[in-house]
Every structure is written in structure tokens, then in C-alpha cells.
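Note sheet for the following structure.
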Amino acid sequence: MLFNSTEFLLCFLPLVVAVYYVLPWRARAAWLALASYFFYGWWRVDCVGLMLALTAINYAGGLGIARAKGGGAKRAWLVFAIVGSLGVLGYFKYVDFLIRTWNGLAVALGTGDRIEPLGVLLPIGISFYTFQSMSYPIDIYRGVSRPARRLVDFACYVSLFPQLIAGPIVRYREIADQLAERTHTADKFARGLVFFVVGLAKKVLLADALAAAAGAAFDHGAVGLPAAWLGLLAYGFQIYFDFSGYSDMAVGLGLMFGFEFPQNFDSPYRAVGVRDFWRRWHMSLSRWLRDYLYIPLGGSRQGTVRLCASVLITFFLGGLWHGAHWTFVLWGIYYAALIGAEHAVGRVRALNGVPVGAKRAATFVLVLLGWVLFRSATVADAGVLYGGLFGAQGWGALPAAMRSVEFAAVFVLCAAIAWCGRNLWAWQWRITARTALWVLPLFAAGLYKVLTTDYSPFLYFQF
């Protein structure tokens with residue numbers, strides 16, 4: 001079920017909200033968990049069992065760590081939870097990738113020892129709820145979080161439908177107190193409605209309007225230089241408004257049920273460097289990788305060589321987390337190289353006086369070039385678009401999707417919002433039950449778009 005679907009907007013959400021506020025406090029976590037299982041099972045009922053298995057593994061791991069007396073026993077329970085979680089993720093997401101890679105090597109070496117891919121189904125959102133649930137036993141082991149008071153609370157945390165499928169990745173310690181006690185006010189609910197409606201508008205009115213132009217550059221072979229750059233810019237704005245729109249909707253839904261989720265985007269296209277970009281883009285994943293991978297690997301505390309190794313491993317695995325394709329691996333390595341270069345360039349004092357605008361422009365171009373790998377189906381396809389960006393396919397003609405008035409208007413609006421618009425998080429506290437009424441026309445426009453659009457998936461659902 002999608003947030004931008006008639007089933008969700010007109011049936012599921014009103015019913016879940018109405019029942020939630022009628023129920024007594026102790027029953028609300030169970031109701032949200034049940035509603036979330038239904039939400040996830042709308043896609044495939046059998047995959048709910050997978051989520052329940054991950055819930056059981058990490059709940060048992062956390063409980064075992066909390067009750068264990070010695071350090072060895074605690075580590076054993078931690079290993080059980082991590083290996084169990086990564087084993088599930090690895091099988092469903094990467095086993096066929098490894099088989100395809102093996103087959104490619106077999107062909108290259110001429111051995112002929114091919115293995116038939118298993119055709120394993122990739123459960124939607126598995127990367128998100130695996131990382132989320134796995135942080136629970138790790139934080140208990142580190143002593144920064146306490147075990148859940150009730151299994152139903154932990155089940156609610158793992159399955160909570162607002163951020164289940166595409167984040168933000170919420171750690172248990174960030175939400176533990178809210179599971180036990182949280183406030184519900186009219187103003188808080190109004191803030192939630194505004195976040196949700198603005199996110200819906202970002203998705204269906206902006207991101208979806210750019211999809212055809214992005215597809216014209218990426219999905220139809222070689223294109224000329226103007227079409228390559230326009231298509232890449234369209235995709236850069238599409239993925240930002242699509243994913244940040246989903247995150248805004250998730251935060252808004254959380255507020256409607258009294259939860260306050262962490263911010264996931266902070267105007268990333270205004271970043272003044274690659275490291276700054278990753279502090280602003282998909283912030284919950286960046287923090288997760290920093291705290292559970294980069295810092296344990298040594299981070300920046302043990303010299304330049306260790307720093308470069310930590311960055312490379314973190315971004316290699318971060319790229320692989322996004323998808324079981326070599327394009328994502330190369331995308332991660334690309335950012336590792338950029339961050340390594342940024343560390344080196346940062347020591348050149350002569351560059352300290354570079355204007356902020358120039359830094360932002362350079363960072364944006366580097367991010368766009370990275371999106372080529374992220375969006376392309378294969379490395380060869382990425383090479384074709386890179387060729388178009390640098391004139392290898394000549395000038396060419398603009399595809400029809402890039403010549404429409406709607407595309408031009410949405411493109412300019414997206415650029416203005418991304419570079420000049422005020423971040424929703426910066427003025428959310430001014431929203432009250434009375435001032436939230438201004439979003440009603442925006443909701444009407446978004447709902448009309450939903451009712452008249454046949455297919456509009458979120459881009460990050462594939463991860």
C-alpha cells in the first residue's frame with residue numbers, strides 16, 4: 001500500500017486514526033502494530049512473517065544481552081542478533097547478486113561453471129527495517145538503551161507503518177520513551193497534517209512530473225548533450241522531492257499518532273561539500289552508518305590511512321545497502337573517493353576563500369554525476385549517459401518530455417525550492433490547528449493527482 005493511493009488516503013488512514021484515538025492507552029501500540037502488519041501485508045502477506053522473524057531475533061538478542069551476566073554471554077547474544085539479521089538481509093537481497101557475479105567471473109575465465117539464480121523475491125523495505133531493528137540489540141550491548149518494556153512495544157517500533165518501508169531509520173532509543181508515554185495535542189496533529197500534505201505534494205505534483213524527462217535521458221539509449229544534462233537534472237530533483245516527500249509524510253503520520261521522528265533531509269542541494277551533503281541527505285542512514293560502522297572501524301581518530309579505509313568500507317557497504325548491483329557499489333566508491341579528496345583539499349589554505357556559491361555549485365554537479373550511477377540499470381548504461389553529458393553523442397534533439405510547458409514550470413519550481421525555499425523543519429513550530437488550514441487546497445490538488453494517476457511508486461521502495 002502506498003501513501004499516495006486512494007486505499008491509504010480514503011480508507012486505511014482515516015480508519016486507523018479513528019480507532020487509535022478511541023482505544024485506551026495500553027491497547028494503542030497493539031493496534032498500530034496490527035495496522036502496520038496489514039499495511040505491509042497489502043503488498044505480500046507472506047512477507048509479514050519475515051518481519052516477525054526479524055522482530056523475534058532482535059528482541060531475543062536484546063533481552064539476552066540485558067539478562068546475561070558476563071561479557072562473553074553478552075557478545076554471544078549480540079552476534080546472534082547481528083548474524084541473524086544480516087543473514088536474512090543477505091539471503092533475500094544479495095544471494096542472486098552473488099550468483100550473477102560468480103557467473104560473470106565464470107564466463108570471463110572461461111570455466112563454464114555457472115549457477116542458476118534462485119530468483120529470490122526482494123521484500124519491499126527490508127533494508128530499512130533490518131537496520132532499524134538491528135540497532136536495538138547493539139544499543140543495549142553498548143549500554144545506551146534499555147530493553148523494551150513489552151514485546152508489543154518493540155513489535156510496534158519495528159513495524160510502525162509511517163516509516164516502515166522507506167525510513168527515516170529510527171533507533172529504538174530515539175523512540176523508547178515515546179512508546180511508553182507521548183503527548184497528543186491538536187497543534188501536534190496539525191503539524192502532522194501539514195508535513196503529510198506537503199510531502200504528498202512534493203511526491204505527486206513535483207517528483208512525478210519530472211519522471212518522464214528523467215526516463216527520456218536514462219531509458220532510451222544515447223541522447224545528446226542538452227537532453228543528457230536536462231534529464232540528469234530532472235532526475236536529481238525527482239529523487240530529492242520523491243524521497244524527501246516520503247520522509248515528510250512519514251514524519252507527519254508519526255506526529256498524528258504522537259511520535260516525533262528524526263529529520264531525514266536538510267536542504268541537501270545547498271551543501272557546500274560532499275561531507276556536508278551526506279550530513280543533509282538521508283540523515284538517518286548517514287548517522288546509522290557513522291555510529292555503527294564508520295566509528296567502530298576507527299573513523300578519523302587513527303591517522304589518514306585508517307580514515308581512508310574506514311570511509312571506503314563505509315561507503316562501499318552503504319552503496320551495496322542501496323541495491324544488489326555493481327552500479328550501487330561504484331556509486332559508493334565514487335563518494336568514498338570524493339570524501340578522501342575533500343579531506344586532502346581541505347588542507348590547502350588557498351582554497352579557504354572560495355565563495356560559498358561556488359562550493360555549492362561544485363558540490364551539486366558532483367552529486368548529479370553520482371546520480372548517473374545510482375539511476376542507471378547497468379554500468380554500460382551509465383557509460384552511455386556519461387558520454388552524452390560530455391558531448392560524445394553530439395548535440396541531438398530534446399525529447400518531447402523535456403519540451404512541455406508543465407515540465408519547464410515544475411523544473412523551475414523545483415530548482416527554486418531546492419536552492420532558495422525555506423526548509424519545512426525551520427518553521428514547523430509556527431503551525432497550529434488554526435494555521436494548518438492553508439494546506440487544504442494543496443491537499444485537494446494532491447488528491448486529484450492521486451485519483452487521476454494510475455501508477456506512481458516511490459523510488460526508494462526498491463531498497
Subset tally (residues that are free of Cβ contacts under 8 Å to residues at least 24 places away in the same chain, aromatic (Phe, Trp, Tyr) and over 20 Å from Ile165 (Cα atoms)) for region 9-47
1
Sole residue being closer than 27 Å to Asn264 by Cβ and basic (Lys, Arg), chosen from Arg434, Arg403, Arg422
Arg422
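Matching residues to (1) in a helix (DSSP H, G or I); (2) more than 19 Å from Tyr246 (Cβ to Cβ); (3) not β-branched (Val, Ile, Thr):
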| site | (1), (2), (3) |
| --- | --- |
| Phe154 | yes, yes, yes |
| Pro168 | no, no, yes |
| Leu179 | yes, yes, yes |
| Gly192 | yes, no, yes |
| Gly199 | yes, no, yes |
Give the residues of region 259-269 that are surrounded by 19 or more Cβ atoms within 10 Å (Cβ to Cβ) and either of a type outside the set (S, T, N, Q) or within 14 Å of the chain's Cα centre (by Cα) (or both), sorted by residue number.
Phe259, Phe261, Asn264, Phe265, Pro268, Tyr269
With the requirement that a residue be assigned to a loop (DSSP other than H, G, I, E, B) and surrounded by fewer than 17 Cβ atoms within 10 Å (Cβ to Cβ), what does region 409-440 give you?
Gly421, Arg422, Asn423, Thr432, Ala433, Arg434
Step by step: first the residues of region 323-344, then only those that are out of contact with any helix residue (DSSP H, G or I) (no Cβ under 6 Å at 6 or more places or on another chain) and not hydrophobic (A, V, I, L, M, F, W, C), then the one that is surrounded by the fewest Cβ atoms within 10 Å (Cβ to Cβ). Which residue is that?
His343
Does Ile57 satisfy the condition of being in contact with a Lys or Arg (Cβ under 6 Å, 6 or more places away or on another chain) and of a type in the set (A, V, I, L, M, F, W, C)?
no
Looking at Gly104, is it more than 26 Å from Tyr37 (Cβ to Cβ), free of Cβ contacts under 8 Å to residues at least 12 places away in the same chain and either touching a helix residue (DSSP H, G or I) at 6+ places or on another chain (Cβ under 7 Å) or not assigned by TED's automatic domain parsing to the domain that holds Phe261 (or both)?
yes
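For region 209-259, which positions are part of a loop (DSSP other than H, G, I, E, B) and either within 27 Å of Ile165 (Cα to Cα) or without any contact (Cβ under 8 Å) to a residue 60 or more places away in the chain (or both)?
Asp219, Phe257, Gly258, Phe259 - these are the residues of region 209-259 that are part of a loop (DSSP other than H, G, I, E, B) and either within 27 Å of Ile165 (Cα to Cα) or without any contact (Cβ under 8 Å) to a residue 60 or more places away in the chain (or both).
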State whether one or more residues within region 165-173 are of a type in the set (Lys, Arg), surrounded by fewer than 16 Cβ atoms within 10 Å (Cβ to Cβ) and in contact (Cβ under 8 Å) with a residue 60 or more places away in the chain.
no
Give me a count of the residues in region 441-463 that are in contact with a helix residue (DSSP H, G or I) (Cβ under 8 Å, 6 or more places away or on another chain) and either part of a helix (DSSP H, G or I) or not small (Gly, Ala, Ser) (or both).
13
The condition from (1) farther than 20 Å from Arg270 by Cα; (2) crowded, with 17+ Cβ neighbours inside 10 Å; (3) of a type outside the set (Ser, Thr, Tyr); (4) touching a residue at least 40 places away in the same chain (Cβ under 8 Å) that Trp371 misses is numbered (1)
Residues in region 310-324 that are modelled with pLDDT under 90 and either among the hydroxyl-bearing types (Ser, Thr, Tyr) or more than 15 Å from the chain's Cα centre (by Cα) (or both) total 1
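The values are calculated or read from the model by the stated rules, or taken from the named source; none is laboratory data. Since we're looking at a predicted model, the values are computed, not measured. We place every Cβ from the backbone using ideal geometry, glycine too, and count neighbours over all the protein chains shown.
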